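For reference, the structure discussed in these notes is given below.
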Amino acid sequence: MGTPCTGSGLKCLLGGVVLGVVLLAASAAVMRVTDQRPFCSGCHVMETAAVTHKRSSHANQACNDCHTPVALGSKLPFKAASGLSDFVGNLSGKEISVPVSLRTKDVVNNNCKHCHAVTNMNVASMESKAYCVDCHRNIAHMRAKPISTRMVAYE
């Protein structure tokens, strides 16, 4: 018995390239889908976060634009660990607490600074607090407001 690619090395190479491209495209599609609010809100523990995000000024952003690191090498393991934690929380029926961890809070803060870097360039008070949400509590999920009063002006 020989290996499957003994006849033509070029066919094997091309087959491998095609397979690699298909797997890469499928992975990118899965990443994109699992970053979005409709996917995240599929778990009951994320219902409040999904509703408040949908009504926020950041509604056009994917959940993981804020909640995972920007760099792909950091994003994948972080996303896997967070997803597992959310899955376990969903099984136990506990609402996800905010922040989930200091590491998550650091990631969100770095993403705030990354996206708003130009805006923050001339803000003298940027480093007056440790985290952006220390001043901007209500931006994405309106957590500081009682759920019955959570609304945004441009609904």
- Message: If I model a spin label at Val70 and Val21 as a point 7 Å from the Cα along the Cα→Cβ vector, what separation in nanometres do I get?
- Response: 3.1
- Item | Extended-chain gain in nm, criterion 0.36 nm per residue less alpha-carbon gap, Ala29 and Lys54 | 6.8 nm
- May I ask for the net charge around Asn64, where only other residues with Cβ less than 9 Å from the Cβ of Asn64 are counted and Lys, Arg are +1 while Asp, Glu are -1? 0
- Compute the distance in nm between two label points, each set 7 Å from the Cα along the Cα-to-Cβ direction, one at Leu84 and one at Ser8. 4.4
- So the carbon and sulfur contribution to the accessible area of the stretch 33-77, 1.4 Å probe, in percent, is 60
- Message: Only four residue types carry charge here, +1 at the Cβ of Lys and Arg and -1 at the Cβ of Asp and Glu. Report the dipole size of the stretch 8-107 about the Cα centre in Debye, rounded to the nearest 20.
- Response: 140
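The values are calculated or read from the model by the stated rules, or taken from the named source; none is laboratory data. Keep in mind the model is a prediction, meaning the values are calculated, not measured. FYI the Cβ positions are ideal-geometry reconstructions off the backbone, even for glycines, and counts take in every protein chain you see. Surface areas here come from the heavy atoms of the whole protein model, side chains and all, with no ligands, DNA or RNA. Shrake-Rupley method; radii C 1.70, N 1.55, O 1.52, S 1.80 Å.
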